[in-house]
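Trainee: Below you'll find the structure I mean.
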Amino acid sequence: MDRYTYIERTLRQIYGGQPSQDSEITINLVNTWLNDAVAIAAKQNYKENLQIEGIGYLNNSFYTTFKGIAITQDENFVYKATLPEIPLGIGRNEAISNLRFKNSLNNISYDGIPQSIAQTGYARGQRAIPNKIEYSPQGEFVLIYTPIIMTQYTMQVTMVSGGDSTDLDSTINIPSDYFPVIVEYIKAQLAFEKAQPQDVNNDGRDNK
Amino acid sequence: MTIDEFYSIVKVILNKNQQGYLSPEKFNLLANAAQDEWVAYLSGEFQQYQNGRSQPRISYSQNSTIRNRLTPVIYGYTLNIDSTGFATYMGDYLQVDTMWTIYGSNRIRQVDQPRLFSFINSRIDPIATNPIYLLEDRGFRFYPNDLVQAKVEYVRNPPRVEWAYNLDADGRPVYDAVNSIDFVFYDTDLFDIMARLLRQMGVSLQANEVSQYANEIKTQGQ
């Protein structure tokens, strides 16, 4: 299901029909909640897999590959790239499956080696691993530790993501059996907003 | 129903009770007042609002039946917006039904002044792609101010009706169909307008029977 269709369905549910001209819960607003809801669905999938199979993992359907991410130099032998979104706090790999680099001839490297925060200090004193590139995701950035000049490459990353939130025609990246999870989450948030009393008196005081 | 037929029915009702004569001038005055009252009724009378429930018994466009009654006075118009985002009201403007961008049929939402700052600074719905407008004393103020034009559907004041006449040899008014202006409302609504006119006549003549009859029609329908 694409984002726009899902959002329209949600709005019709909240408004008991097609929204009117006056409606304040907009498509963009619901879209902002959608990424949060996808994260909750991903976490539930991880927990359920851990419970059922004893192994913590996320099903393939939750992953998206983003390509063509530019790399800039941050410090000597440290490069930086911006991830499409902040990785989820799931598992040891931060819900990043793999991270690779591509050159101008469309050759793709082997996967980079992820470092946790605890490892970056220790790895700083180690010799670089031959033919391997180490990286550490921090927030929405990825720091890449290598003597190779990385600015001539682009990065591609496969990570848990709800898809492209800037494109309402893009497909929501979760399996159908987890749609009820995102439906319930978004419905709760929007119903909460709708239930709040509006300050209709312009009297210099906030509603109490 | 022409205005002559309307006037004739009113005169029959008044004369039936021998409650007096309604001159053409008074009729024209009261007929226009009555249809204005009808539009106000269909637009939602805020005097009926209850505490914590800002909705009258009959509110604007509440359902298709009520909306259908007002469609003769719902007009479409293209507004020209100046470089400051301002567009003057239409001469017969009463209230906005819907407002759209000229291209793409994107809605333009009405915003009250106290909330303008939060709409202008919104990052979720930036005004560049989600335009808004304010109601000012002389016209609309649009944000952003580069829309150039906008499509508006609005409720207008109903055109003034007139029972035009010429005087015959005896000085009596004779209906002039050519220069008369009929009501724009549907025939079934004209009885509601008539009831309002009769109520005003009843007040004018202090005729309780006329007022009572008119009130019965107004509250119970015909």
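Trainee: Under 5 Å between amide hydrogens, which residues at least 5 positions from residue B:97 or on another chain qualify, with H placed 1.01 Å from N in the peptide plane?
Mentor: Those lying under 5 Å, H to H, from residue B:97 are B:153, B:154, B:155.
Trainee: Residue by residue through A:26-33, how many Cβ atoms from other chains fall within 10 Å of the Cβ on average? Before the final figure, lay out each step's value.
Mentor: Values: counts 6, 3, 7, 3, 1, 1, 2, 0.
If you average over the peptide's residues, the count of other-chain Cβ atoms is 3.
Trainee: Further, regarding this structure: Amide H to amide H, which residues 5 or more places from residue B:165 or on other chains are under 5 Å from it, using H placed in the peptide plane?
Mentor: Close amide H contacts, sequence-distant or interchain: B:176.
Trainee: Between residue A:105 and residue B:29, how many nm apart are label points set 7 Å from Cα along the C-beta direction?
Mentor: The two pseudo-label positions are separated by 9.7 nm.
Trainee: Also, quick follow-up: Once you order the gyration tensor axes a ≥ b ≥ c over the Cα atoms, which shape class does region B:10-166 get: rounded for a/c under 1.5, otherwise prolate or oblate by comparing a/b with b/c? Walk me through the numbers before you get to the answer.
Mentor: Values: a/c = 3.03, a/b = 2.04, b/c = 1.49.
It is prolate, given that a/c is not under 1.5 and a/b is the larger ratio.
Trainee: Would you mind getting the Kirkwood hydrodynamic radius of the protein assembly as shown from its Cα pairs, rounded to one decimal in Å?
Mentor: Details: mean 1/r = 0.0357 Å⁻¹.
One decimal place: 28.0 Å for the Kirkwood radius.
Trainee: I would also like to ask the following. Could you give the longest part of chain A that holds none of the chymotrypsin sites (Phe, Trp or Tyr not before Pro) found in DSSP loops with at most 16 neighbouring Cβ atoms within 10 Å? Each step should come with its number before you reach the end.
Mentor: On the way: sites that count: A:57, A:77, A:110.
In short, A:111-208.
Trainee: Would you kindly derive the ³J(HN,Hα) couplings of region A:120-133 from the backbone phi angles with the Karplus curve 6.51 cos²θ - 1.76 cosθ + 1.60 (θ = phi - 60°), listing them in order in whole Hz, with x for Gly and Pro?
Mentor: Those phi angles translate into 5, x, 5, 5, 4, x, 8, 6, 5, 6, x, 6, 10, 10 Hz.
Trainee: Determine the dipole magnitude for chain B: charges of +1 sit on the beta-carbon of Lys and Arg, -1 on that of Asp and Glu, nothing else is charged, the reference point is the Cα centre, and the result goes in debye to the nearest 20. Walk me through the intermediate numbers first.
Mentor: Numbers: 20 positive and 25 negative charges, 169 e Å.
Value, rounded to 20: 800 debye.
Trainee: Under the Karplus relation 6.51 cos²θ - 1.76 cosθ + 1.60, θ = phi - 60°, what is the ordered set of whole-Hz ³J(HN,Hα) values for region B:121-128, x standing for Gly and Pro?
Mentor: Per-residue couplings from phi come out as 9, 5, 9, 6, 10, x, 5, 4 Hz.
Trainee: Compute the helix-to-body angle for A:3-15: its Cα long axis versus the longest principal axis of chain A, expressed 0 to 90° and rounded to tens.
Mentor: Approximately 30 degrees, to the nearest 10.
Trainee: Among all stretches of chain A without exposed GluC sites (Glu not before Pro) (DSSP loop, at most 15 other Cβ atoms within 10 Å), which one is longest?
Mentor: On the way: sites that count: A:24, A:140.
Here the longest run is A:25-139.
Trainee: Toward the positive end of the charge dipole of region A:51-180, about the Cα centre and with charges on Cβ (Lys, Arg +1; Asp, Glu -1), which of A:95, A:77, A:166 goes farthest?
Mentor: A:77
Trainee: Using amide H atoms built 1.01 Å from N in the peptide plane, name the residues 5+ places from residue A:101, or on other chains, whose amide H lies under 5 Å from its own.
Mentor: A:109, A:156
Trainee: Then there's this: To test your reading of the geometry: what angle, between 0 and 90 degrees and rounded to tens, separates the Cα axis of helix A:27-53 from the longest principal axis of chain A?
Mentor: 60
Trainee: On to the next question. Magnitude of the Cβ-charge dipole of the protein assembly as shown, K/R +1 and D/E -1, about the Cα centre, nearest 20 debye?
Mentor: Values: 37 positive and 48 negative charges, 261 e Å.
Charge dipole of the protein assembly as shown: 1260 debye, to the nearest 20.
Trainee: Here is a follow-up. Quick one: among A:74, A:167, A:22, which has the greatest mean-square fluctuation in a GNM of chain A with alpha-carbon springs under 10 angstrom?
Mentor: The residue that fluctuates most here is A:22.
Every read-out reported here was derived from the displayed coordinates using simple, explicitly stated rules and does not represent laboratory data. Nothing here was measured: the structure is a model prediction, and the numbers come from that model. Please note: Cβ atoms are built from the backbone with ideal geometry, for glycine as well, and neighbour counts cover all protein chains shown.
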